[in-house]
1. Could you list the residues of the range 99-135 with an amide nitrogen less than 17 Å from a label point located 7 Å from the Cα of residue 57 in the Cα-to-C-beta direction?
2. Between helix 6-15 and the chain, what is the angle of the helix's C-alpha long axis to the longest principal axis, kept within 0 to 90° and rounded to the nearest 10?
3. Choose one answer from 64, 92, 111: the residue with the largest mean-square fluctuation in a GNM of the chain with alpha-carbon springs under 10 Å.
4. Given H placed on each backbone N at 1.01 Å, which residues far from residue 112 in sequence or on other chains put an amide H within less than 5 Å of it?
5. Can you spot the aspartates and glutamates whose alpha carbon is less than 18 Å from residue 15's alpha carbon? Ignore those fewer than 8 places along the same chain.
6. For residue 94, what residues show an amide H to amide H distance below 5 Å, using hydrogens built from the backbone and excluding near sequence neighbours?
7. How far, in degrees from 0 to 90, does helix 20-31 lean away from the longest principal axis of the Cα atoms of the chain, to the nearest 10?
8. Convert 10 °C to kelvin, take the viscosity as 1.306 mPa s, use the Kirkwood radius over C-alpha pairs of the chain as Rh, and evaluate the Stokes-Einstein diffusion coefficient in µm²/s, rounded to a whole number.
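No value in this document is a laboratory result; all are computed from the given coordinates. Worth saying up front: this structure is predicted, and the values here are computed from it rather than measured. Here the Cβ is made from the backbone with ideal geometry for all residues, glycine too, and neighbour counts use every protein chain on show.
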Amino acid sequence: MEKVSVEAMMRELVKLELAENCLLDIRSFIESKSEWTIEYFKGLEQDNPDLQQGLVELDELSAYLVRLDIADMCRFNPFLARVLEVYTGTIYEIFLEDGTIRSSIGSGGRYDNAIGRLLKSGQTFSTVGISFGLDVILYAFEQSGGVGKRASKRVL
C-alpha cells in the first residue's frame, strides 16, 4: 500500500462495481493498519481452504525466521504483490535497515511455474529467485559517503 494511495485503490475497486458495503469494508480494512497481522487473518472465515493453507505457510515461514534469529527484521505485509501469475508462494522485498531510502533494494520469491512456462511443458520446478536494484544500491552507497572509498583489502 505504500506505492498506491487509498484513494487510487478505491477508484479502481469502484470500477469493479462492488457493492457499497463491500467497498466500505475494504476501505476500513486498508485504513486500519494495526490489524495487518497474521493473527488478524487467523480470526477470519475458517472454511476458506486457500486462507487456511496460506496461514499454515505463514506459520511455517515465521518459525524459520525465528530460528534464523531474523524475525525482528521482517514485517508481514498482506498488500505486497508481485507478478501474481508467476509467483506461487512467499514473496519478499528487501529494504535498508535505517529506512533512508523508501525503495526496495531487492525482491523476489517462489515461482514454481516459471520454468515450465518457458519450456512450454507445464511442468513445475521448485524455484526461488531474488533480484537486486543496482541503481538503488548505488544511490544508497553514494548517500552514505561510500563512493570513492577504497577497499582495505585487495579484491580479486
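1. 108-116, 124-130
2. 50 degrees
3. Judging by the Gaussian network model, the answer is 64.
4. 88, 127
5. The qualifying aspartates and glutamates are 7, 25.
6. The list, which skips near neighbours in sequence, is 105, 106, 107.
7. Helix 20-31 and the main axis of the chain meet at about 30 degrees.
8. Values: Rh = 19.1 Å.
The estimated diffusion coefficient comes to 83 µm²/s.
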